[in-house]
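Worksheet for the structure shown next.
The values are calculated or read from the model by the stated rules, or taken from the named source; none is laboratory data. Values in this document were obtained by computation on a predicted structure and should not be read as measured data. Cβ placement follows ideal geometry from the backbone for every residue including glycine, while neighbour counts extend to all protein chains displayed. In case anyone asks, the SASA skips ligands and DNA or RNA and just uses the protein heavy atoms, side chains included. Shrake-Rupley method; radii C 1.70, N 1.55, O 1.52, S 1.80 Å.
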Amino acid sequence: MPPASPLLERGHFLARPYNEALFLNHGYHFFAPDPGSSTLISYEIPREGDAPIVGRFPDVRIKPRLLYHRYFMLAENLWAFDDETRKTIETAYARHFANKHRETKISLNRVSHIPSSILRMQAGGRLDDAEMFESEPIGSFDFSTEAFSKSSVAGNF
Amino acid sequence: MRLRSANGSVLNRGFSYIAGAASSVLNAWHGFWFQPLDPLMIGLIRLLTGWMLLYNLLVWGLDLDAFFSDHGLQPLSSIKSLHDGDPIFSFWLWTGDQWLWPMHCACLTIAAMFFLGIASRVTSVLSFLITISYSQRVPIANFGFDQVLGFLCLYLSLAPSGACFSIDAIIRRWWRRRHGRSVDVLPSSSARMVSRLIQLHLCAIYLWAGFAKLKGPSWWTGEAMWRVIANQEYQTMDLTWMAHVPWLPYLIAHVTIAWEVFFIVLVWQPRWRPLMLLMGVLMHVGIGAFLGMWTFGLIMAFAYLAFSDPDLWRSRLNRLVRRAPVESTMALAAADSASNIVTASAETSIPRTSPAPFSLSVASTCEEAADVSDLPIEESPYENEFLDLNFDSPLETSEIAGFPGAEPALVAFNSPEVLPESAVANIGFESGESWFEGEESLLVNDVDDAELQFSRETTVSTAAVGIVESTVQDDDSAEMFEQAFQMATPAVPIAEPDVEANSELIPELGLPSCTDMEMASKARTAPETEAAPETTSTEPGHKAGKVTASVCVVAADTADRTAIRRYLRGHEFSCVALPSIDDALTSISRHRFDAVVVHSCGLSTREVVGFCEDVADLTGHPVVVLLRASQLVAIDHLSQIRGVSWIVLPASLKEIRQQIESVVAMSCRSSLQTVTESKPC
């Protein structure tokens, strides 16, 4: 985790094959350096003559809790990758949810849920107040030229 | 110019110092990493980790297509490009969608086998490969739980994780019992190594986690913990009331930082370890309860078991198991057999007039008696490292409450005060009966019990600690005096053969009397003789022939004591077997023996070394110590005591006998040499 001295970076480079092969290449940065906002992915699927389908993950209704956490990490960890990788994965997310609802067009948004401050809570605020959510568009996707996947879309989403 | 001092060159002393320091460091390193350790906790960690792995795979199966298929949330092409060039392993990278479910079911089966401890050596390695394969295939969905699961599976694949709490262990015990072999779980160096790896890995986790937090200003201001509490996506329990008690989240933040940063130092301090581990457990339980990450919280807490003392938990487990009525099932391996292995697993097959209240699996007895934790000989950093911090387990008189005839004796002995062992031992002497008369009543069982007819009215109670004494009454006597003593191991009534009914056999029984032993010993050590005279003993209990040496055997456990005594007597040794080192010192100070054998089962390292030192100071008898594998640290001390040799258990009776013969021969030679040198030409 930057910043690091060239000595440490060299040591990391030398130990990298061993660490990666044995799945030991972790920094254990739990809620570090600062606990930040949680990240969610929302999607909107337009339908002709009908209300759009909206959804968001992670969804607290997902059970068991471990599966909910897996979806939570899909949203949280996405921004840890480089742009090119992230775009590929965003496209995969979009295709998955479009297939799930058997639609071809979908738009994704990144939603940041900012934790309320102590003062705000003391003043009567709530954690899920609308003003605590910030949405940022990821992009719109059109899969009409692609064949639908025949796989099951069962599950929590 | 040469530097010289009165004691030799300074350089030589310097080199000696460096060599000594290097030797100490190497010994400490070896002891830290490879001193054999009971794999009990490793087995428990395997059980719990296997459960977590199985649960993890079951949850993946709820949405397997979404996470692992090529058209799911993490396409294979994207993940492959992500890992491009990285030396990772994941069989999912080469698994097509059509094999998704067959592979997943196979992994579930292996995880279940790992959890249950079936073919542990194989399934532990496979479980590690499964863990990293799943994690590497879906890296975006990983979090701390996968990281901890990964390293635990890695280390468990290096250890005898199936030695305890496993189907493998059950099968092994059944097979060994069937072949009359020891069912002991032997300490293992790899168990120690893996335990250390887990301990150090936990230290590394907390250290890096703490350092990473120190980079964030919110952990310095204390605001970080509130941010975690107020994160609704993590929250499973509403803690927002802390906004009205703001000092509380600030305090938790500061304590968390301090605890993580100093964990690596304080967890190795015996007095701090319980507190550090307790705080860790509370933190991880809190993570599970308030942030919904039960899997992460629990698996971290499970890893803490690596810091536990397996000997302590073994003794507690044995005590728990012994509460159920268990019949003695193991026959004493033939003391005549030279290949009989003395560990702590032989059990006497002496028929009892009443069922023994406890199973005398000697391993359990050994651990029960050794509930007193090993006090360090010196302030070794590795002796007091466990949670159990030097307490003396109180002798539990309640264990003998249900013992036949115990109630009156209990009243007698518990009133007015609980008697110390020495006082109990003195009772026998005050009763007017000599020690060896009392001992004779014990030693009568040198003939197979099946050949004797037992009188139900005459019983002798034996206790593993304190006096082994009970007045044998005639059948006509109305009074039967049966004592139950405070004991580290329970008393077992042994039926004494009826003299009249067994009159044909009794003359063949018998014992070397004190006088005979003294004569044999004196003859053995007579300085005027070049060769030790071999006294012929027609005393029963020995094969007709010569008594080669007299030996005092000290063993707390009845089965071990009986096994060694029978074997030695069957090989022309005059043998006295005593249950405690105090009794042995008393006997040794009064009578001459050629050698003393002390079984370390039931004795702490300090007691063993102290006994050897006492013998060396008092009489100089050569001592052979039967040392447990977990007491190898005592070797350094024993090697400095004159006349002491040791055998590390498990060892055969033949090896013990050969060691005794060797020790006796050396002692004779040194005595002769001393006499020769002192005798004028």
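Brief remarks follow.
- Candidates B:Ala665, B:Ala634, B:Ala584, B:Ala616: the one that is in a helix (DSSP H, G or I) and in contact with a Cys (Cβ under 8 Å, 6 or more places away or on another chain) is B:Ala584.
- Any hit, region A:46-58, residues being within 10 Å of chain B (Cβ to nearest Cβ) and open to solvent by 70 Å² or more (accessible area, probe 1.4 Å): no
- Helices (runs of 4 or more DSSP H) (entirely within region B:92-196) containing at least 3 residues that are at pLDDT below 95 and open to solvent by 20 Å² or more (accessible area, probe 1.4 Å): B:167-178
- In this structure, A:Ala130 does not satisfy being loosely packed, with under 15 Cβ neighbours inside 10 Å, among the aliphatic types (A, V, I, L, M) and within 12 Å of chain B (Cβ to nearest Cβ).
- Hey, B:Leu47 crowded, with 17+ Cβ neighbours inside 10 Å and in a helix (DSSP H, G or I) or not: yes
- Selection within region A:26-41 - open to solvent by 30 Å² or more (accessible area, probe 1.4 Å) and either on the phi > 0 side of the Ramachandran plot or more than 7 Å from every other protein chain (Cβ to nearest Cβ) (or both): A:Phe31, A:Gly36, A:Ser37
- Only listed residue being more than 8 Å from every other protein chain (Cβ to nearest Cβ) and among the polar types (S, T, N, Q), chosen from B:Thr240, B:Thr236, B:Thr221: B:Thr221
- Evaluating B:Phe89 against the criteria (1) at the interface with chain A (Cβ under 9 Å from one of its Cβ atoms); (2) within 18 Å of A:Ala21 (Cα to Cα); (3) at pLDDT below 90; (4) outside any helix (DSSP H, G or I) leaves one unmet condition, (3).
- Search result, residues across region B:238-255 that are open to solvent by 70 Å² or more (accessible area, probe 1.4 Å) and either among the aromatic types (Phe, Trp, Tyr) or under 20 Å from A:Asp129 (Cβ atoms) (or both): B:Asp238, B:Trp241, B:His244, B:Trp247, B:Tyr250
- Taking the criterion of being open to solvent by 60 Å² or more (accessible area, probe 1.4 Å) and either closer than 25 Å to B:Ile118 by Cβ or more than 10 Å from chain A (Cβ to nearest Cβ) (or both), the only residue of region B:63-83 that qualifies is B:Lys80.
- Entirely in region B:227-305, the helices (runs of 4 or more DSSP H) that have 3 or more residues that are touching a Ser or Thr at 6+ places or on another chain (Cβ under 9 Å): B:273-291, B:294-303
- Only residues that are at the interface with another protein chain (Cβ under 7 Å from one of its Cβ atoms), under 28 Å from B:Asp38 (Cβ atoms) and in contact (Cβ under 8 Å) with a residue 24 or more places away in the chain were counted across region B:123-162, and they come to 2.
- For A:Leu78: the one exception among (1) modelled with pLDDT under 90; (2) surrounded by fewer than 17 Cβ atoms within 10 Å (Cβ to Cβ); (3) touching a Ser or Thr at 6+ places or on another chain (Cβ under 8 Å): (2)
- Test for B:Ala301: is it under 30 Å from B:Asp184 (Cβ atoms) and without any contact (Cβ under 8 Å) to a residue 60 or more places away in the chain: yes
- Scope region B:194-218; condition at the interface with chain A (Cβ under 7 Å from one of its Cβ atoms) and under 19 Å from B:Phe262 (Cβ atoms); matching residues: B:Ile205, B:Trp208, B:Ala209, B:Ala212, B:Lys213, B:Lys215, B:Gly216
- Unmet criterion (only one of (1) more than 8 Å from chain A (Cβ to nearest Cβ); (2) crowded, with 19+ Cβ neighbours inside 10 Å; (3) of a type in the set (D, E, K, R)) for B:Arg227: (1)
- The test for being closer than 24 Å to B:Val148 by Cβ, within 8 Å of another protein chain (Cβ to nearest Cβ), touching a strand residue (DSSP E or B) at 6+ places or on another chain (Cβ under 9 Å) and of a type in the set (Phe, Trp, Tyr) holds for A:Phe72.
- Checked against the criterion of being surrounded by 19 or more Cβ atoms within 10 Å (Cβ to Cβ), under 24 Å from B:Leu156 (Cα atoms) and more than 14 Å from every other protein chain (Cβ to nearest Cβ), region B:290-302 has at least one qualifying residue.
- Looking across region B:15-44, the residues that are surrounded by 23 or more Cβ atoms within 10 Å (Cβ to Cβ) and part of a helix (DSSP H, G or I) come down to B:Leu40, B:Met41, B:Ile42, B:Gly43.
- Filtered residue count, region B:608-641, keeping only those that are within 22 Å of B:Asn27 (Cα to Cα), open to solvent by 30 Å² or more (accessible area, probe 1.4 Å), touching a helix residue (DSSP H, G or I) at 6+ places or on another chain (Cβ under 9 Å) and not polar (S, T, N, Q): 5
- So B:Val261, is it over 29 Å from A:Pro58 (Cβ atoms) and either open to solvent by 40 Å² or more (accessible area, probe 1.4 Å) or touching a residue at least 24 places away in the same chain (Cβ under 8 Å) (or both): yes
- Which numbered condition A:Leu14 fails, given (1) touching a His at 6+ places or on another chain (Cβ under 9 Å); (2) open to solvent by 40 Å² or more (accessible area, probe 1.4 Å); (3) modelled with pLDDT of 90 or more: (1)
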